[in-house]
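A short write-up of the structure that comes next.
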Amino acid sequence: MPRTPVALWIWYLGGTFRGFQRQAQGPTVQESLENALREVGVPAAVMPSGRTDRGVHARMQGVSLRLEAGDSAEALAARLPAHLPPDLGLCVARKPHPSFHAQWSAEGKTYRYRVQLAGTVAPEWRPYVMEVAAEPRLAPHDITPERFSELLRMAEGQREFSAFHENSSPRKLRTLESATLHALGGGLFEVILRGDAFARYQVRYLVGSALLTAAGQLPEEQWRAALEQGERIPGLKAEASGLVLWEVRYPAKLDPFTPAERAAPPGLPEGPPFLGAPEG
């Protein structure tokens, strides 16, 4: 009998893990998830929508796997959560459309980045925020939300973003549909970036270099040239701790997750870093 495809929606707090992908020195999200699956009788390899780096969190990571004949997504959802570590959880397990693949079916992603521009970081937010005052290249300089927002908006559109990602990622056109800034109160702000695809470190270099430009430490001409011509700049890679993979989007006919689940994910922890905010 053929094995049963299953789509998982998992969340995790990245501070505990050395990234998503299994590696010699763990723990990683993949290692922890596959170990838990083996404990409940599922010796399966998992395929995510994409990798996240060390320290990056995920409110929604899509995962594909296959179950042995006779098992079901419903049965897996009942027995898996008790075997997951505290910083990794399951929101939904469902049998998807036969053509669904967590990575290749994805048509876009949304990332959110939290940054403390002024004031003091609240204790509950400290593990999940980049604090401008703690970054040597930014600390002595005033960064206004208006200027920061203006620079982020300049990054919207279709381009290669080659000045803002690692060489290990292929050079190709990517579309940043929106890059918006939202106040969360107390000097804490959230950047929401929505696009069709993101290269490795792209969000962190965009956010960090926009902050550097807003602080007057990178000329706007260089920021524009990096965006428009791909010219290399002495940019800033923002800390991993502030970054959340917020949502993975799939075509409606393939999406295994309902609009209601996307609006109010079942089993998602309350409090930082998974709090709602206006859409970008």
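Laboratory data are not the source of any read-out in this text; all were calculated from the coordinates shown. Because the structure is predicted, anything quoted here is derived from the model rather than measured. In this analysis, Cβ positions are derived from the backbone assuming ideal geometry, glycine residues included, and neighbour counts consider all displayed protein chains.
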Inset, instruction - For the range 1-89, state what percent of all Cα-Cα pairs lands in each successive 10 Å bin, counting from 0 Å until the bin that includes the largest distance. - result: 18, 54, 25, 4, 0
Inset, instruction - Divide by every residue of the chain the summed helix terms, -39500 (n - 2.57) for each DSSP H run of at least 4, and state the resulting mean residue ellipticity at 222 nm, rounded to the nearest 500 deg cm²/dmol. - result: -5500 deg cm²/dmol
Inset, instruction - Set the Förster radius R0 to 22 Å, insert the Cβ-Cβ distance between GLU270 and THR16 as r into 1/(1 + (r/R0)^6), and round the FRET efficiency to 0.05. - result: 0.75
Inset, instruction - Any chance you could check the Cα centroid distance between the range 186-202 and the range 69-109 for me, in angstrom? - result: 25
Inset, instruction - Net charge near PHE164: determine it from the other residues with C-beta under 15 Å of the C-beta of PHE164, scoring Lys and Arg +1 and Asp and Glu -1. - result: +3
Inset, instruction - Excluding residues fewer than 8 places away in the same chain, name every one of the lysines whose C-alpha is closer than 19 Å to that of LYS253. - result: LYS95, LYS109
Legend entry - Positive-end residue of SER241, PRO81, PRO145, charge dipole of the chain with Cβ unit charges: PRO81
Inset, instruction - May I have the pair-distance distribution P(r) for the range 108-245, computed from all Cα-Cα distances with 10 Å bins from 0 and rounded to whole percent? - result: 13, 48, 33, 7, 0
Inset, instruction - Quick one: P(r) of the range 164-258 from all Cα-Cα pairs, 5 Å bins, percents rounded to integers, in order of increasing distance. - result: 3, 11, 19, 24, 20, 12, 7, 4, 2, 0
Inset, instruction - With everything on Cα atoms, drop me the angle between helix 145-154 and the longest principal axis of the chain, reported from 0 to 90° to the nearest 10. - result: 70
Legend entry - Approximate shape of the range 92-165 as ellipsoid semi-axes (Cα gyration tensor, √5λ), whole Å, largest first: 34, 20, 10
Inset, instruction - Take every Cα-Cα pair in the chain and report what % of them are more than 26 Å apart. - result: 43
Inset, instruction - May I ask you to compute the full-extension gain from GLN103 to LEU173, defined as 0.36 nm times their residue separation minus their alpha-carbon distance, rounded to one decimal in nm? - result: 23.4 nm
Legend entry - Selected from ALA264, ALA238, ALA179 as most flexible by GNM, with the chain as the system and alpha-carbon contacts under 10 Å: ALA264
Inset, instruction - Go through the range 1-97 and name the GluC sites (Glu not before Pro) that are in a DSSP coil and have 15 or fewer other Cβ atoms within 10 Å of their Cβ. - result: GLU68
Legend entry - Label-point separation in nm, GLU221 to GLN158, each point 7 Å along Cα→Cβ: 3.0
